[in-house]
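One structure is given below, encoded as structure tokens.
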Amino acid sequence: MDLLAKLATISDRHMRMKALGGDAVGVVNEKLISPTRALIDGRETILAGTNNYMGITFDAECIAAGQKALAEFGTGTTGSRIANGSFSLHRELELEFATFLDRKHCIVFTTGYQANLGMMSGLAGARDTIYLDADSHSSIYDGCTLSGAKLVRFRHNDAADLDKRLARGEADEGGKLVVLEGIYSMMGDRAPLADFVEVKKKHGFQLLVDEAHSFGVLGPHGRGLADEAGLEKEVDFVVGTFSKSVGAIGGFGAGDHPYFEYLRYAMRPYMFTASSSPASIATSLAAIRKLAAEPQRRKKLAENSARLFHGFKDLGLELGCDVVSPVVAVRCPDEPSTIAMWGALLKAGVYVNIALPPGTPNKLCLLRCSVSAAHSDAEIDRIIELFGAVVAQGHGKKVANG
Amino acid sequence: MTDTVSQLCKLLEPFNTNGTVLSAATDISTDLNIDSVTVMDFVMEVEDHFDIEIPLNVLSETRTVADLAKVVEARTKKG
């Protein structure tokens, strides 16, 4: 039997998508004009689906740092840090991130995805249990699977549900890891951290928060949800990525545990892959220093997020969550209309993400926007105007026909 | 139909959007044409109905209602 025969259903779905509104999962940016604009299909387009929260990707100092590293350290590391050794830049970046995060230890990974694979599989093993939020990102699910631990899923953002599930596993002897996210990537909502901390006090587990979408964004220091909630002491491990607020590629895990550094020798996604390229490490280093020195980026992002959120609310759109967040998801009626509206928005000059089941919770079809500190007020207003024309007035149905 | 199977079929009904006749032999994912996330959502309902823990790890070897009934029966006995 042909191994790829099972992809026929995916092929059919992709063909239907292309016929309905375009290839929403295969967009090509022909030229990047700025952090918020690109040329797509020959048209200048506002980017509202990049997760480029700080808008730092074209920062002159970050680019100069990357160019310097490229010249001094070369194009690639050509191997794993365990086998080939680290570059001084890697250690410098880890120390800088540890300082920023106010943690004793930080380990950097080649991608954010691998940071979750590495941390889940390094922390938990076959005798342990991981309790993960139902809406966790795929990298958390995959890391959990890689760990070999017992996996128990609890209802999204429901601390009482976690409490109940922990009680069911009370007799288990292994360690227990609970995994939450600072901001959930599809709906933009935050974990109710204080509620989970109460459950932690009752049951005693180790807590990991993935701050992928909240790092740089939330909290007085920009360290994420735990920083915002004033509960960093209750969080044992933090995970994050360089591909969003840091504008590069890579990820990190951090913590204060005395054995934390030994995770390096227990995480296959850290050990058996080449480390990040010198240029990427150097731009991350420059970016984290910028984020520390320029809190106004966070403030601007919050203002832009509020502008888009309230603009959408005024249009009567149904959103992913009820709090202002840099992730603003618009709920749509069904898959065909979502695809059609996505295509109409792109043609009109705004790129947003399409999010369809099973990539979304509760079978929702979403047009997902991510806001950048680099968006101008005029750009935010244009996004609102186009959603008004395409989504609010069309209500999904009209657009599908023409 | 055993009692566990009939209870599972009842819990599965809200996820049965294509009018499949549910039985012990029903393949939860392919017969009902539901994705992996929906299967996990269904199993969460099963966990709460029987007040048991069904770790995600066992789902890879649980395809039919009968398979799931075996898991449920083994775990209700334990508790």
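The values are calculated or read from the model by the stated rules, or taken from the named source; none is laboratory data. All values reported here derive from a predicted model rather than from experimental measurement. In this analysis, Cβ positions are derived from the backbone assuming ideal geometry, glycine residues included, and neighbour counts consider all displayed protein chains.
Condition first: aliphatic (A, V, I, L, M) and touching a Ser or Thr at 6+ places or on another chain (Cβ under 9 Å). Now tell me which residues in the stretch A:320-329 satisfy that.
Those that are aliphatic (A, V, I, L, M) and touching a Ser or Thr at 6+ places or on another chain (Cβ under 9 Å): A:Val324, A:Val327, A:Val328, A:Ala329.
This table checks each residue for (1) touching a Cys at 6+ places or on another chain (Cβ under 8 Å); (2) within 14 Å of another protein chain (Cβ to nearest Cβ); (3) of a type in the set (Val, Ile, Thr); (4) not in a strand (DSSP E or B).
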| position | (1), (2), (3), (4) |
| --- | --- |
| A:Arg307 | no, no, no, yes |
| A:Phe312 | no, no, no, yes |
| A:Val323 | no, no, yes, yes |
| A:Ala329 | yes, no, no, no |
| A:Ala344 | no, no, no, yes |
| A:Gly359 | no, yes, no, yes |
| A:His375 | no, no, no, yes |
| A:Ile380 | no, no, yes, yes |
| A:Ile383 | yes, no, yes, yes |
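So, in the stretch A:163-187, exactly how many residues are under 30 Å from A:Cys369 (Cα atoms) and touching a Phe, Trp or Tyr at 6+ places or on another chain (Cβ under 9 Å)? Lay out the reasoning, then the answer.
Pass one, the stretch A:163-187, residues under 30 Å from A:Cys369 (Cα atoms): A:178-187.
Now narrow it down to the ones that are touching a Phe, Trp or Tyr at 6+ places or on another chain (Cβ under 9 Å): A:178-180, A:182.
Qualifying residue count for the region: 4.
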Assuming A:Ala115 fulfils every condition listed in (1) surrounded by 22 or more Cβ atoms within 10 Å (Cβ to Cβ); (2) farther than 18 Å from A:Gly247 by Cα; (3) not aromatic (Phe, Trp, Tyr) apart from one, which condition is it?
(2)
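Check the stretch A:82-100 and report whether any residue there is assigned to a loop (DSSP other than H, G, I, E, B), of a type outside the set (A, V, I, L, M, F, W, C) and in the same structural domain as A:Gly224 (by TED's automatic domain parsing).
First, the residues of the stretch A:82-100 that are assigned to a loop (DSSP other than H, G, I, E, B): A:85-87.
Subsequent filtering for residues that are of a type outside the set (A, V, I, L, M, F, W, C) retains A:85-86.
Those still in the list that are in the same structural domain as A:Gly224 (by TED's automatic domain parsing) too: A:85-86.
Checked against the condition, which is being assigned to a loop (DSSP other than H, G, I, E, B), of a type outside the set (A, V, I, L, M, F, W, C) and in the same structural domain as A:Gly224 (by TED's automatic domain parsing), the stretch A:82-100 yields at least one hit.
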Can you spot a residue in the stretch B:16-29 that is in a loop (DSSP other than H, G, I, E, B), away from chain A (no Cβ under 14 Å) and without any contact (Cβ under 8 Å) to a residue 12 or more places away in the chain?
yes
Restricting to the stretch B:62-79, name every residue that is in a helix (DSSP H, G or I) and under 12 Å from the mean Cα position of the chain (by Cα).
B:Val65, B:Ala66, B:Asp67, B:Leu68, B:Ala69, B:Lys70, B:Val71, B:Val72, B:Glu73
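When you look at A:Asp210, is it more than 13 Å from every other protein chain (Cβ to nearest Cβ) and in contact with a strand residue (DSSP E or B) (Cβ under 9 Å, 6 or more places away or on another chain), yes or no? I'd like the intermediate steps shown before the answer.
Working: more than 13 Å from every other protein chain (Cβ to nearest Cβ): yes; in contact with a strand residue (DSSP E or B) (Cβ under 9 Å, 6 or more places away or on another chain): yes.
For A:Asp210, the condition - more than 13 Å from every other protein chain (Cβ to nearest Cβ) and in contact with a strand residue (DSSP E or B) (Cβ under 9 Å, 6 or more places away or on another chain) - is met.
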Conditions (1) in contact with an Asp or Glu (Cβ under 9 Å, 6 or more places away or on another chain); (2) within 9 Å of another protein chain (Cβ to nearest Cβ); number of the one not met by A:Leu177:
(2)
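Suppose we filter A:Glu261, A:Glu303, A:Glu294 for residues that are farther than 22 Å from A:Met54 by Cα and at pLDDT 95 or above; which single one remains?
Values: A:Glu303 fails: farther than 22 Å from A:Met54 by Cα; A:Glu294 fails: farther than 22 Å from A:Met54 by Cα.
Of the residues listed, the single one that is farther than 22 Å from A:Met54 by Cα and at pLDDT 95 or above is A:Glu261.
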State whether one or more residues within the stretch A:293-301 are touching a residue at least 12 places away in the same chain (Cβ under 8 Å) and small (Gly, Ala, Ser).
no
Matching residues in the stretch A:75-128 - criterion: being among the hydrophobic types (A, V, I, L, M, F, W, C) and more than 23 Å from A:Leu207 (Cα to Cα):
A:Ile82, A:Ala83, A:Phe87, A:Leu89, A:Leu93
Identity of the residue in the stretch A:253-287, in contact with a strand residue (DSSP E or B) (Cβ under 9 Å, 6 or more places away or on another chain) and under 19 Å from A:Asp142 (Cα atoms), that ends up surrounded by the most Cβ atoms within 10 Å (Cβ to Cβ)
A:Gly253
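Determine which member of the set A:Leu101, A:Leu162, A:Leu146, A:Leu193 is under 30 Å from A:Ala286 (Cα atoms) and of a type in the set (A, V, I, L, M). Spell out how you get there, then give the answer.
Working: A:Leu162 fails: under 30 Å from A:Ala286 (Cα atoms); A:Leu146 fails: under 30 Å from A:Ala286 (Cα atoms); A:Leu193 fails: under 30 Å from A:Ala286 (Cα atoms).
After applying the criteria, what remains is A:Leu101.
Per-residue answers, yes or no, for (1) modelled with pLDDT under 95; (2) of a type in the set (D, E, K, R); (3) more than 24 Å from A:Pro358 (Cβ to Cβ):
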| position | (1), (2), (3) |
| --- | --- |
| A:Leu3 | no, no, no |
| A:Arg16 | no, yes, no |
| A:Gly21 | yes, no, no |
| A:Val27 | no, no, no |
| A:Ile56 | no, no, yes |
| A:Gly66 | no, no, yes |
| A:Leu89 | no, no, yes |
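Taking A:Asp322, is it touching a strand residue (DSSP E or B) at 6+ places or on another chain (Cβ under 9 Å) and surrounded by fewer than 24 Cβ atoms within 10 Å (Cβ to Cβ)?
On the way: touching a strand residue (DSSP E or B) at 6+ places or on another chain (Cβ under 9 Å): no; surrounded by fewer than 24 Cβ atoms within 10 Å (Cβ to Cβ): yes.
Spelling it out, it is not the case that A:Asp322 is touching a strand residue (DSSP E or B) at 6+ places or on another chain (Cβ under 9 Å) and surrounded by fewer than 24 Cβ atoms within 10 Å (Cβ to Cβ).
Let's see how each residue does on (1) assigned to a helix (DSSP H, G or I); (2) surrounded by 14 or more Cβ atoms within 10 Å (Cβ to Cβ):
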{"site": "A:Met1", "(1), (2)": "no, no"}
{"site": "A:Thr9", "(1), (2)": "yes, no"}
{"site": "A:Arg13", "(1), (2)": "yes, no"}
{"site": "A:Ala19", "(1), (2)": "yes, no"}
{"site": "A:Leu39", "(1), (2)": "no, yes"}
{"site": "A:Tyr53", "(1), (2)": "no, yes"}
{"site": "A:Phe58", "(1), (2)": "no, yes"}
Does the stretch B:35-55 contain any residue that is in a loop (DSSP other than H, G, I, E, B), away from chain A (no Cβ under 12 Å) and over 18 Å from A:Asp133 (Cα atoms)?
no
So A:Lys202 ticks every box in (1) under 29 Å from A:Leu367 (Cα atoms); (2) more than 21 Å from the chain's Cα centre (by Cα) but one. Which box is left unticked?
(1)
When the residues of the stretch A:142-163 are narrowed to those that are at the interface with another protein chain (Cβ under 8 Å from one of its Cβ atoms) and not β-branched (Val, Ile, Thr), which ends up surrounded by the most Cβ atoms within 10 Å (Cβ to Cβ)?
A:Cys144
